[in-house]
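The structure under discussion appears below in the form of structure tokens.
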Amino acid sequence: MVSVEEIRSTLKKVFGYDQFRGNQEKIILNILQRKNTFVIMPTGAGKSMCYQMPAIIQEGTAIVISPLIALMKNQVDQLNAFGVNASFLNSTLSKSETNRIKRATLNGEVKLLYVAPESLTKEENVAFLKEANISFAAIDEAHCISEWGHDFRPEYRRIKSIINQVGDIPIIALTATATPKVQLDIQRNLQMEEADLFKSSFNRENLYYEVRPKKNVKKQLVKFIREHHGKSGIIYCLSRKKVEEIAQFLKVNGIKAAPYHAGFEPSVRMKNQDDFLNEEVDVIVATIAFGMGIDKPDVRFVIHYDVPKSLEGYYQETGRAGRDGLEGLCVMFFRQEDIQKLEKFNKDKPVTERENAKVLLDEMSSYSESAVCRRKQLLHYFGEEYEDTACKESGLCDNCKYEREHFDGKDYIKIAVKTVELTEERFGMAHLVSVIRGSQNQYIKSYGHDQLSEVYGVGKDKGDLFWRSVIRQTLLNEFIKKDIEHVGLLKLTIKGKKFLQEPFSVDFIKDLDFSDVDQTEEENNDPAPSAHPRNSYDKVLFDLLKTERRRIAQEKDLPPYVIVQDPSLQEMATTYPTTKEALANVNGIGMGKVEKFGGSFLKLIINYVEENNIDIEDVVVIKTAGSKSKNKIYIIQQIDRKIDLEEVAEQKNLSMTELVEEMEIICFAGTKLKLDYYLNHIIDEEKQEDIMDYFLNADSDDIDDALDEFDDDDITEEDMRLMRIKFISEYAN
Ligand code: ADP
């Protein structure tokens, strides 16, 4: 038997670490004694070491079953870098590579062999493993075995029968998420009910949890990220489309953000991921495809734009914040409609799968709406009791931090527990609530529960949601418990039975109210493009800016609209730009305009902000992507090279009208376009001068007005619009 000293010195020698963390050493010793071992440890706590060390120190090869091919390669590379001989077998290998690895394993050279579950089930591989000297099998991400977990993989359920064929070898199962139900499922499936369980606490003491109503989310996002300027964060969205939209939206608002989802080319994914790791971008907006195996220690916030499908998923994803033990803010946006949407997605799934998914979603919405300490709820979900006061004292979740409405739960608990007792512990939430509220459905009648006079209908003065909340809190306080065998059923606990005999006061908290979240808002709530902020601008400042524009116009002898147009002034009266850069960010104003006319506007705004004590940090301005020329760079380059516009249009597959539209967008955003080379061919110079003169003296740059003025001439609308571009370029940009 290997001694503890030998293990410790190997830790130092191979990995360079001074000591084991948490349960690592005990787990390693357990495996070395050839005992089945079950490890439940939160992400980042160091699960891999638990099987890597015994694999290295023992004779033979350990097989590691792991679901993610991409991570497998990572792990193998890391081990090789430490000088440990590790390899993997999966579908990405060529025949000759596979053969080479098998030979090395049979020669006893490979200490760890990572295998994908689908490779494990292949017959030729089973035959090979039988021949090899296998020390033990480690099953990573063991929750994939359970249909009740959040990442069920059917091939995982066949692992045990294959291991049986390989030989009598110990098994170590590892996972970072397991509710009591999932835990039981794993142990049953692997036939290791007797295994030694090493469960670490799931409490992430440094994480702050908060659930916010999903309302004005974009504005909240920008505000939040600006408040945490320069810090790394992840925003999870459900759909790829949303990922792209939000990433783009953040970029438009000056936030360094990049999108990530499985639909991008691997090279794009790799780049965006690297940019995030290297802090080229602060925020990564992603689907849950992002994050597996990513070990960035200083992610300061994880935001869930959409509600996750399960608390396991939520815990895993939020777990990527604050891995270094420092601040980690976890904010989720919630509305009931999102839960219903997710339920709809499940409607084509087989019945059991659909029902499982619904149970997980119910837990998710209960968690969100509850005003009970988030930490307590999360830990309870994973089978852990949290009686500590640390969360309350430090305000480490919204429910502990903010005032919530409390009431005495005593009388309600009595009713809930009594109902569980009288219905013989054979029912779940919905039925219990129906009994208490005196519903008259067929089940109630057929079970005769309407005859239970002590409880039937005693709670009819309160609503469904109230009683659900009471039963959940009765559960959280362990007066009742979930039946692990039969999902959904609630049973009595000893504590509950005692309570019935001798009831006492228990602090209950009223659920949060998410009902005022506008149901459809987020779909269409893109605020008006900032070029036309309709109502929200500062009218006083706007008038001052207009007066200033008039003054400049007179001074330069130009019509006011040439200086800047109204929508730009409105935007300035919303965003309060006080620097040249900020001013150049306003739609319709480029650097050219800033240099030409910007100074006096800036001076005015700076004074105004000071006099009125406006905290610009507090002003959350959000911009939408708005209209943008897709071919901007190309068009500018071609015009610089004096390429015929017809040719430019043709090359980009645009009609002439479309090209002119794009040129207008470019020009109105502040870029000079020198069109003389083209215009001189189509309009004689004298006429051009007349038109320029007209625009200089007109009240507006309206095209129809201009065409009316020149209707005797042979000027088309397109010509006139090109002339307007020339005019704006010369005088305004
Ligand atoms: P998990 O699989 O539980 O998410 P990992 O096995 O990836 O976690 O380990 C997380 C990090 O902790 C890794 O960077 C690993 O090298 C490091 N680590 C593991 N054990 C120790 C230890 N005893 N001392 C120091 N660092 C450790």
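Summary table below
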quantity: Residue count, the range 163-202 (criterion: crowded, with 17+ Cβ neighbours inside 10 Å and over 16 Å from Asn36 (Cβ atoms)); calculated: 7
quantity: Test: residue in the range 263-280 that is open to solvent by less than 30 Å² (accessible area, probe 1.4 Å), at pLDDT below 95 and part of a loop (DSSP other than H, G, I, E, B); calculated: no
quantity: Within the range 59-88, considering residues that are under 17 Å from Ala137 (Cβ atoms) and of a type in the set (S, T, N, Q), the one modelled with the lowest pLDDT; calculated: Gln75
quantity: Some residue of the range 359-371 being open to solvent by 50 Å² or more (accessible area, probe 1.4 Å) and of a type in the set (Ser, Thr, Tyr); calculated: no
quantity: Residues satisfying the stated conditions in the range 47-92, i.e. outside any helix (DSSP H, G or I), of a type in the set (A, V, I, L, M, F, W, C) and within 13 Å of the ligand (Cβ to nearest atom); calculated: Val64, Leu68, Phe82, Val84
quantity: Pick from the range 1-24, criterion of a type in the set (S, T, N, Q) and out of contact with any Leu (no Cβ under 8 Å at 6 or more places or on another chain), ranking: modelled with the lowest pLDDT; calculated: Ser3
quantity: Considering residues of the range 448-491 that are in a loop (DSSP other than H, G, I, E, B) and charged (D, E, K, R) only, the residue most open to solvent (accessible area, probe 1.4 Å); calculated: Lys460
quantity: Long-range neighbours under 9 Å by Cβ, at least six apart or interchain, first residue at positive phi within the range 452-475, second open to solvent by less than 50 Å² (accessible area, probe 1.4 Å) and outside any helix (DSSP H, G or I); calculated: Gly457/Gly438; Gly457/Ser439
quantity: Selection count, the range 18-28, where residues are open to solvent by 50 Å² or more (accessible area, probe 1.4 Å), in contact (Cβ under 8 Å) with a residue 24 or more places away in the chain and within 9 Å of the ligand (Cβ to nearest atom); calculated: 2
quantity: Residues of the range 30-46 satisfying the condition of being open to solvent by less than 40 Å² (accessible area, probe 1.4 Å) and either more than 14 Å from the ligand (Cβ to nearest atom) or over 19 Å from Arg320 (Cα atoms) (or both); calculated: Asn30, Ile31, Leu32, Asn36, Thr37, Phe38, Val39
quantity: Helices (runs of 4 or more DSSP H) lying entirely in the range 642-714 (those with 1 or more residues that are within 47 Å of the chain's Cα centre (by Cα)); calculated: 645-651, 656-668, 703-709
quantity: Condition met for Lys445 (surrounded by 15 or more Cβ atoms within 10 Å (Cβ to Cβ) and not in a loop (DSSP other than H, G, I, E, B)); calculated: no
quantity: Test: residue in the range 1-15 that is free of Cβ contacts under 8 Å to residues at least 12 places away in the same chain, in a helix (DSSP H, G or I) and within 11 Å of the ligand (Cβ to nearest atom); calculated: yes
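The values are calculated or read from the model by the stated rules, or taken from the named source; none is laboratory data. Everything quoted here is computed from the prediction, not taken from an experiment. Positions of Cβ are backbone-derived with ideal geometry, glycine not excepted, and every protein chain shown enters the neighbour counts. Accessible surface areas use protein heavy atoms only, side chains included; no ligands, DNA or RNA. Shrake-Rupley method; radii C 1.70, N 1.55, O 1.52, S 1.80 Å.
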